[in-house]
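A.B. asks: Structure provided below as C-alpha cells; questions to follow.
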Amino acid sequence: MSHPHIKEGIAKALFVGAAGISIIAVALICVFLFANGVPAIAQIGLPEFLFGTTWRPANDIYGIFPMIIGSIYVTGGAIVVGVPTGLLCAIFLSRFASGKIAAVLKPGVELLAGIPSVVYGFFGLVLIVPFIRANMPGNGLSLLAAAVLLGIMILPTIITVAQSALDAVPKKYYEGALALGADHERSVFRVIVPAATSGIMAGVVLGVGRAIGETMAVIMVAGNQPLIPESIFNGVRTMTANIVLEMGYAADLHRGALVATGVVLFVFILLITMLFNVIKKRGEMK
Amino acid sequence: MSPKLTIAYEAGSAPAAPTDSDDRIDALFAVAETRQRKTRRVVSALLRSLVYLGALITTAVLLFIVGYILVNGVPYLTPSLFAWEYTSDNVSLMPALVNTLLMAALSLALAVPVGVGSAIYLVEYAPRGSRFVQIVRTTTETLQGIPSIIYGLFGMLFFVTALHWNLSLMAGACTLAIMVLPVVMRTTEEALIAVPDAYREGGFGLGAGRLRTVFRCVLPSAVPGILGGVILALGRCVGEVAALIFTAGSIAQIPNFLEQGGMALFDSTRTLAVHMYVLASEGLHVNETYATAVVLLVMVVLLNLLATFAAKKMSKGNQDD
C-alpha cells in the first residue's frame with residue numbers, strides 16, 4: 001500500500017470512530033443509569049415506586065407518584081401558556097411580519113433560547129413568585145409560577161420549529177386560497193396552518209421534551225413539596241427537582257431511588273423522542 | 001337593530017318590485033352576503049390582532065426579562081465583584097468566570113473534533129442508507145433530547161464514581177462534551193451538505209484524494225456554519241447548571257495549574273451559572289445575584305451576536321457560489 005492510501009485509511013478510520021462515539025455515549029448512559037437505578041426499583045418494588053404517593057427517604061419510603069404527576073402538571077401548564085403564544089408568534093414571523101420587523105424579532109427569539117435556565121429561574125423567583133404571592137392565594141412558590149416560567153422558556157423552541165414548518169408550506173397553497181376569494185388572514189389560518197400541522201405538532205412535542213426535562217428554573221419557583229398539588233397555587237415537585245434536591249446528601253437505597261427517578265424521566269424522554277420521530281416521518285410522507 | 005333594518009329594506013324595495021319575487025330573493029341574498037362579509041371582516045381583524053398579540057407578548061417578555069435583570073444588576077457591577085479571590089463577603093464572580101472559560105474550552109476541545117469528524121463521515125464518506133449511519137442518526141437524536149439533569153446523573157455515575165475522577169473540572173467538561181456533541185454534529189452536517197458538489201468534483205478532478213478534497217475544498221467554505229454550531233455549543237456550556245453540580249461541584253476556586261500541573265484538571269470547580277444558582281438559592285446576596293446574571297446575560301448576548309454573524313456569513317458565502 002502506498003503512502004497516501006495509508007493516510008486515507010487512517011483518516012477514514014478516525015472519522016468512523018468519531019461517528020461511533022455518539023453510539024458509545026448513548027450505550028454508556030443507558031447502561032449506567034439502568035445498572036444503578038433498576039436494582040433500587042427492584043428493592044422498592046416497581047408498583048410501590050411508581051404509584052406510591054409517599055416520598056419519605058428518612059423512613060425508606062420511596063413513592064415517586066407525586067413527582068410524576070408534578071412533572072406532567074408543570075409540563076401541561078407550560079404547554080397551555082407557551083403553545084398559543086408561540087404558535088401565534090410563529091405565524092406572525094412567517095406570514096405577517098415585514099422583513100425589517102422579522103429581522104429584529106428573529107434574533108430576539110434566538111436570544112430567548114440562549115438565556116440560561118438559572119437566569120430564567122432567578123427572574124421567576126424575583127418577579128413571578130412575588131406577583132403570585134401578592135395577588136393570589138398561597139406563598140407564590142407554586143405550580144402556576146413553574147408553568148408560566150416554563151411556558152416562556154419553551155417559546156423559542158415552539159416558535160422556531162413552527163415557523164420553519166409554516167415557511168415550508170408551498171406558495172401555491174396560499175395563492176390558491178387567495179384565488180378562491182379568501183383574504184390574507186383566512187388563507188393563513190384555514191389553509192397554511194392546517195398544512196403545517198405535523199411540523200407544528202413536532203414543535204409542541206419538542207417543547208414538551210424541554211419542559212419535562214427542565215430542572216434549575218423549576219426548582220427555583222415550584223416550592224418542591226413532594227405532594228400531589230390540589231390547586232395551581234400549591235407547590236409541586238418534578239422528577240428533575242427530586243434528583244437535584246436530594247442527590248447531594250443521598251446514600252445507599254435513597255441514592256438508588258434518585259437514580260431510578262432519573263431512569264423514569266429517561267424513559268419519558270425516550271417515548272417523547274419516539275413520538276417526535278413518528279410525527280416528523282408522517283409529515284415527510286405527506 | 002335587525003328588525004328595524006328589515007322593515008327599512010322592505011319599505012324601500014316594496015314600491016320598486018312589488019310582484020317580482022326573484023328580485024326580492026336576490027336582494028335578500030345581497031343583504032345576507034354583506035352581513036357574512038362583515039362577520040368575516042371582523043373575524044379576520046380578530047385573527048390579525050391575535051397574531052400581533054402573540055408577537056407582542058414574545059417581544060415584551062424578552063425585553064422585560066433582559067431589561068429587568070440589567071436595571072437591577074448593572075449598578076452592582078462593583079470592582080469587588082471581580083476580585084481574584086472569592087470570599088463569602090465579596091462573593092466575587094471572577095474565579096467562576098475563569099472556570100467557565102476553562103470548562104467551556106475543555107469541553108469544546110473534546111466535542112468539536114469528535115462532532116466535526118463524525119459529521120464529515122456522515123456527509124462525505126458514509127455510503128447512502130447504511131445501517132451504521134442510521135444508528136448514528138438515531139443516537140444523535142436521542143442525545144439531543146436528553147435533558148441536562150440526566151447527563152449530570154450519568155456524569156456522576158460514570159466519570160465521578162466509576163472512573164474515580166471525583167467532582168472535577170475534567171468530569172464536568174466530559175459531561176458537557178457529550179451534551180453538546182449533537183449540536184456540533186448537526187450544524188456541521190448541515191454546513192457540509194450546503195457546500196455545492198462542484199467543489200468536491202473540482203477537488204477530485206484535480207487529482208486530490210478524498211481526505212485532501214474534504215480538508216482543502218469542502219471544509220473551508222463550511223467554516224462559518226461550523227463556527228455557528230460551536231458558538232451555540234459554547235452558549236450551552238456557559239449556561240449549564242444541572243449537568244455540572246454533581247460532576248464539577250461548586251468550589252469557587254480556580255484550579256491551581258501552576259502548582260499542580262495537569263492534576264489541577266481534577267479539582268472541583270464552580271462555573272458562573274452554578275455560582276449564580278448557589279447565590280440565588282442562598283438568597284443572601286440578591287444584588288450580587290442580579291449582577292452575576294448581568295454578566296451571564298452579556299456573555300450569552302455576545303455569543304448570540306457572533307452566531308448570527310457567522311450564519312449570515314455562511315449564507316452570503318453560498319450566494320456567491
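The values are calculated or read from the model by the stated rules, or taken from the named source; none is laboratory data. The structure presented is a predicted model; accordingly, all values stated were derived computationally and were not measured. Cβ atoms come from the backbone with ideal geometry, glycine included; neighbour counts cover every protein chain shown.
A.B. asks: Starting from segment A:191-220, keep only residues that are of a type in the set (S, T, N, Q), then list their pairs with residues that are outside any helix (DSSP H, G or I) whose Cβ atoms are within a distance under 9 Å, requiring at least 6 positions of separation or different chains.
C.D. replies: Final answer for the pair search is A:Ser198/A:Lys286; A:Thr215/A:Thr238; A:Thr215/B:Pro147; A:Thr215/B:Val241; A:Thr215/B:Ala242.
A.B. asks: Mind checking which residues of segment B:194-237 are of a type in the set (A, V, I, L, M) and within 30 Å of A:Pro116 (Cβ to Cβ)? Outline the logic, then answer.
C.D. replies: Residues of segment B:194-237 of a type in the set (A, V, I, L, M): B:194-195, B:198, B:206, B:208, B:211, B:214, B:218-219, B:222-223, B:226-227, B:230-234.
Correct list: B:Ala194, B:Ala222, B:Val223, B:Ile226, B:Leu227, B:Val230, B:Ile231, B:Leu232, B:Ala233, B:Leu234.
Condition check ((1) modelled with pLDDT of 80 or more; (2) farther than 23 Å from B:Ala109 by Cα; (3) not assigned by TED's automatic domain parsing to the domain that holds B:Gly172; (4) not charged (D, E, K, R)) across all residues:
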position	(1), (2), (3), (4)
B:Thr269	yes, no, no, yes
B:Ala280	yes, yes, no, yes
B:Val286	yes, yes, no, yes
B:Val301	yes, no, no, yes
B:Leu305	yes, no, no, yes
B:Met314	no, no, no, yes
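A.B. asks: For segment B:61-76, give me each residue that is farther than 18 Å from A:Val83 by Cβ and of a type outside the set (Ser, Thr, Tyr). It would help to see each step written out before you state the result.
C.D. replies: Initial filter on segment B:61-76 (farther than 18 Å from A:Val83 by Cβ): B:63-76.
Matches in segment B:61-76: B:Leu63, B:Phe64, B:Ile65, B:Val66, B:Gly67, B:Ile69, B:Leu70, B:Val71, B:Asn72, B:Gly73, B:Val74, B:Pro75.
A.B. asks: Also, quick follow-up: In segment A:91-137, which residues are in a loop (DSSP other than H, G, I, E, B) and within 21 Å of B:Val241 (Cα to Cα)? Spell out the reasoning first.
C.D. replies: To start, the set of residues in segment A:91-137 that are in a loop (DSSP other than H, G, I, E, B) comprises A:97-98, A:115-116, A:136-137.
Correct list: A:Ile115, A:Pro116.
A.B. asks: Testing A:Leu245 on (1) assigned to a helix (DSSP H, G or I); (2) farther than 25 Å from A:Val80 by Cα; (3) within 10 Å of chain B (Cβ to nearest Cβ), one condition comes back false. Which one is that?
C.D. replies: It is condition (3) that A:Leu245 fails.
A.B. asks: So in segment B:273-298, with the set limited to residues that are more than 7 Å from every other protein chain (Cβ to nearest Cβ) and in contact with a Ser or Thr (Cβ under 8 Å, 6 or more places away or on another chain), which one is surrounded by the fewest Cβ atoms within 10 Å (Cβ to Cβ)?
C.D. replies: That would be B:Val278.
A.B. asks: Here's something else I'd like to know. Inside segment A:58-114, can you point out the residues that are away from chain B (no Cβ under 14 Å), closer than 18 Å to A:Phe233 by Cα and crowded, with 24+ Cβ neighbours inside 10 Å?
C.D. replies: Selection gives A:Gly70 alone.
A.B. asks: Among the residues in segment B:192-202, are any of a type in the set (A, V, I, L, M), crowded, with 23+ Cβ neighbours inside 10 Å and within 26 Å of B:Leu106 (Cα to Cα)?
C.D. replies: First, pick out the residues of segment B:192-202 that are of a type in the set (A, V, I, L, M): B:192-195, B:198.
Pick out the ones that are also crowded, with 23+ Cβ neighbours inside 10 Å and you get none.
Within segment B:192-202 (the criterion being of a type in the set (A, V, I, L, M), crowded, with 23+ Cβ neighbours inside 10 Å and within 26 Å of B:Leu106 (Cα to Cα)), the answer is no, since none of the residues qualifies.
A.B. asks: Another one. If I filter segment B:106-113 for residues that are out of contact with any Asp or Glu (no Cβ under 7 Å at 6 or more places or on another chain), at the interface with chain A (Cβ under 8 Å from one of its Cβ atoms), in a helix (DSSP H, G or I) and farther than 17 Å from B:Leu176 by Cα, do I get at least one hit? I'd like the intermediate steps shown before the answer.
C.D. replies: From segment B:106-113, those out of contact with any Asp or Glu (no Cβ under 7 Å at 6 or more places or on another chain) are B:106-113; that's our starting set.
Those left that are additionally at the interface with chain A (Cβ under 8 Å from one of its Cβ atoms): B:113.
From what's left, in a helix (DSSP H, G or I): B:113.
Of the ones still in play, those that are also farther than 17 Å from B:Leu176 by Cα are none.
No, because not a single residue in segment B:106-113 is out of contact with any Asp or Glu (no Cβ under 7 Å at 6 or more places or on another chain), at the interface with chain A (Cβ under 8 Å from one of its Cβ atoms), in a helix (DSSP H, G or I) and farther than 17 Å from B:Leu176 by Cα.
A.B. asks: If the Cβ limit is 7 Å and pairs must be 6+ apart or interchain, which residue in segment A:74-85 that is in a helix (DSSP H, G or I) pairs with which residue that is among the polar types (S, T, N, Q)?
C.D. replies: A:Val74/A:Thr238; A:Thr85/B:Thr58
A.B. asks: So which residues in segment A:29-42 are exposed (fewer than 15 other Cβ atoms within 10 Å of the Cβ) and over 27 Å from B:Leu176 (Cβ atoms)? Walk me through it before giving the result.
C.D. replies: Of the residues in segment A:29-42, the ones exposed (fewer than 15 other Cβ atoms within 10 Å of the Cβ) are A:31, A:35, A:39, A:42.
Listed by number, the residues that qualify are A:Pro39, A:Ala42.
A.B. asks: Among the residues of segment B:159-175, is any crowded, with 17+ Cβ neighbours inside 10 Å, within 10 Å of chain A (Cβ to nearest Cβ) and without any contact (Cβ under 8 Å) to a residue 60 or more places away in the chain?
C.D. replies: No.
A.B. asks: Follow-up. Return a yes/no flag: does segment A:197-204 have any residue that is more than 29 Å from A:Tyr62 (Cβ to Cβ), within 14 Å of another protein chain (Cβ to nearest Cβ) and among the hydroxyl-bearing types (Ser, Thr, Tyr).
C.D. replies: No: segment A:197-204 contains no residue that is more than 29 Å from A:Tyr62 (Cβ to Cβ), within 14 Å of another protein chain (Cβ to nearest Cβ) and among the hydroxyl-bearing types (Ser, Thr, Tyr).
A.B. asks: May I ask you to verify whether A:Ile21 is within 14 Å of another protein chain (Cβ to nearest Cβ), exposed (fewer than 13 other Cβ atoms within 10 Å of the Cβ) and either within 30 Å of B:Val114 (Cβ to Cβ) or out of contact with any helix residue (DSSP H, G or I) (no Cβ under 9 Å at 6 or more places or on another chain) (or both)? Working first, answer last.
C.D. replies: Details: within 14 Å of another protein chain (Cβ to nearest Cβ): yes; exposed (fewer than 13 other Cβ atoms within 10 Å of the Cβ): no; either within 30 Å of B:Val114 (Cβ to Cβ) or out of contact with any helix residue (DSSP H, G or I) (no Cβ under 9 Å at 6 or more places or on another chain) (or both): yes.
No, not satisfied.
A.B. asks: Among the residues of segment A:267-284, which ones are at pLDDT 90 or above and surrounded by 16 or more Cβ atoms within 10 Å (Cβ to Cβ)?
C.D. replies: A:Phe268, A:Ile269, A:Ile272, listed by residue number.
A.B. asks: Can you name the condition, by its number, that A:Ala182 falls short on among (1) aliphatic (A, V, I, L, M); (2) assigned to a helix (DSSP H, G or I); (3) farther than 17 Å from B:Ala55 by Cβ?
C.D. replies: Here A:Ala182 meets the rest and fails (2).
A.B. asks: Do we find a residue being over 30 Å from B:Leu296 (Cβ atoms) and either in the same structural domain as B:Thr292 (by TED's automatic domain parsing) or under 20 Å from the mean Cα position of the chain (by Cα) (or both) anywhere in segment B:140-157?
C.D. replies: In the first step, residues of segment B:140-157 are kept if they are over 30 Å from B:Leu296 (Cβ atoms); the result is none.
Scanning segment B:140-157 turns up no residue that is over 30 Å from B:Leu296 (Cβ atoms) and either in the same structural domain as B:Thr292 (by TED's automatic domain parsing) or under 20 Å from the mean Cα position of the chain (by Cα) (or both).
A.B. asks: So is A:Ile6 surrounded by 20 or more Cβ atoms within 10 Å (Cβ to Cβ) and of a type in the set (Val, Ile, Thr) or not? Spell out the reasoning first.
C.D. replies: Values: surrounded by 20 or more Cβ atoms within 10 Å (Cβ to Cβ): no; of a type in the set (Val, Ile, Thr): yes.
No; evaluated as a whole, the condition is false for this residue.
A.B. asks: Looking for something among the aromatic types (Phe, Trp, Tyr), within 12 Å of another protein chain (Cβ to nearest Cβ) and surrounded by fewer than 21 Cβ atoms within 10 Å (Cβ to Cβ) - is there at least one such residue anywhere in segment A:257-266?
C.D. replies: Of the residues in segment A:257-266, the ones among the aromatic types (Phe, Trp, Tyr) are A:266.
Filter once more, so that each one left must be within 12 Å of another protein chain (Cβ to nearest Cβ): A:266.
So of that shortlist, the ones also surrounded by fewer than 21 Cβ atoms within 10 Å (Cβ to Cβ) come out as none.
So far as segment A:257-266 goes, no, none of its residues is among the aromatic types (Phe, Trp, Tyr), within 12 Å of another protein chain (Cβ to nearest Cβ) and surrounded by fewer than 21 Cβ atoms within 10 Å (Cβ to Cβ).
A.B. asks: Inspect all residues belonging to segment B:134-152 and state whether any of them is closer than 22 Å to A:Leu206 by Cα and aromatic (Phe, Trp, Tyr). Walk me through it before giving the result.
C.D. replies: Restricting attention to segment B:134-152, the residues satisfying the condition of being closer than 22 Å to A:Leu206 by Cα are B:134-152.
Keeping just the survivors that are aromatic (Phe, Trp, Tyr) gives B:151.
Yes, segment B:134-152 contains at least one residue that is closer than 22 Å to A:Leu206 by Cα and aromatic (Phe, Trp, Tyr).
A.B. asks: So B:Ala264 fits all but one of (1) closer than 14 Å to B:Ala173 by Cβ; (2) surrounded by fewer than 24 Cβ atoms within 10 Å (Cβ to Cβ); (3) within 13 Å of chain A (Cβ to nearest Cβ); (4) not β-branched (Val, Ile, Thr); what number is the exception?
C.D. replies: (3)
A.B. asks: Still on this structure: Output the qualifying pairs, or none if there are none: Cβ atoms under 7 angstrom, residues six or more apart or on different chains, first residue in segment B:51-69 and within 17 Å of B:Leu297 (Cα to Cα), second residue among the β-branched types (Val, Ile, Thr) and part of a helix (DSSP H, G or I).
C.D. replies: That search, which allows pairs on different chains as well, returns B:Val61/A:Ile152; B:Ile69/A:Val119; B:Ile69/B:Val294.
A.B. asks: Is it fair to say A:Ala168 is in contact with a strand residue (DSSP E or B) (Cβ under 7 Å, 6 or more places away or on another chain) and of a type in the set (A, V, I, L, M, F, W, C)?
C.D. replies: Values: in contact with a strand residue (DSSP E or B) (Cβ under 7 Å, 6 or more places away or on another chain): no; of a type in the set (A, V, I, L, M, F, W, C): yes.
Taking the combined requirement at face value, the residue does not satisfy it.
A.B. asks: Which condition from (1) surrounded by 15 or more Cβ atoms within 10 Å (Cβ to Cβ); (2) within 32 Å of the chain's Cα centre (by Cα) is the one that B:Ser49 breaks?
C.D. replies: It fails just one condition, (1).
A.B. asks: Here is a further query. Residues to consider are A:Gly151, A:Gly140; find the one that is crowded, with 17+ Cβ neighbours inside 10 Å and in a helix (DSSP H, G or I).
C.D. replies: On the way: A:Gly140 fails: in a helix (DSSP H, G or I).
Only one candidate qualifies: A:Gly151.
A.B. asks: Also, I was wondering about something else. Scan segment B:129-157 and report the pairs whose first residue is within 7 Å of chain A (Cβ to nearest Cβ) and part of a helix (DSSP H, G or I) and whose second residue is of a type in the set (Lys, Arg) and surrounded by fewer than 24 Cβ atoms within 10 Å (Cβ to Cβ), with Cβ atoms within less than 8 Å and a gap of 6+ or a chain change.
C.D. replies: What qualifies is B:Thr140/B:Arg186.
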